[in-house]
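Structure record follows, encoded as structure tokens.
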Amino acid sequence: MSDRTGEGGQIPPPAAEPSVAFLETFVLGLVDNLAATLGEDGARAFVAAAADGMVGDFDMTGRPGELAEGLGTMMRRIGGGFSVGQVTSDEIVLVNDRCPFGDAVEGREACCGSTETLLGRSAAAQRGYASVELAEAIARGDGRCLVRVHFVRGKPGRAFRA
């Protein structure tokens, strides 16, 4: 057995930052296995449930006019390239040119469950209701994401309530 102790007999701390490439590969491999086992809808639900636990990590309080920028900032903090495209009283449109899951996300639409959940839960907490429509998605091969967060019931997308 090798001696893993450093100076003074202390075990050195782990690397400060895990490899992003390793984490992307690991998460995407997990999503692939979930899809193979549970089907695409089951994998998407699993990813959404994991994202649901993260919603509280992002402070979305503030004036309603700040919601659009807050949503974009939240998604940039997790590695996306989100920007605000349009804001009306009925919807927020976000455009994304970089997926938080990396370039290999194409063909893995289950990963979009995290985007739906983070945006939907956060928006609904502020407005009482939101539905999230992924009009375009990098994971579908569209080259970008075009996300519509609707505040009017009956619009397309996955619905969220406060």
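Annotations for the structure displayed:
- Once the chain from T37 to S89 is taken as fully extended at 0.36 nm per residue, the excess over their C-alpha distance is 14.6 nm.
- 3J(HN,Hα) from dihedral phi, the range 140-150, Karplus parametrisation 6.51/-1.76/1.60, rounded to Hz, x for glycine, proline: 8, x, 6, x, 7, 10, 10, 10, 10, 9, 8
- Protection proxy ranking of 20-30, 74-84, 103-113, by the mean of other Cβ atoms within 10 Å over each peptide's residues and highest first, is 103-113, 74-84, 20-30.
- Residues A135 and A50, FRET efficiency given R0 of 35 Å [Cβ-Cβ distance, rounded to 0.05]: 0.90
Read-outs: derived from the displayed coordinates by stated rules, not from any lab. Predicted model, so just to flag it, every value in this text is computed and none were measured. Every residue, glycine as well, gets a Cβ built from its backbone with ideal geometry; the counts of neighbours run over all protein chains shown.
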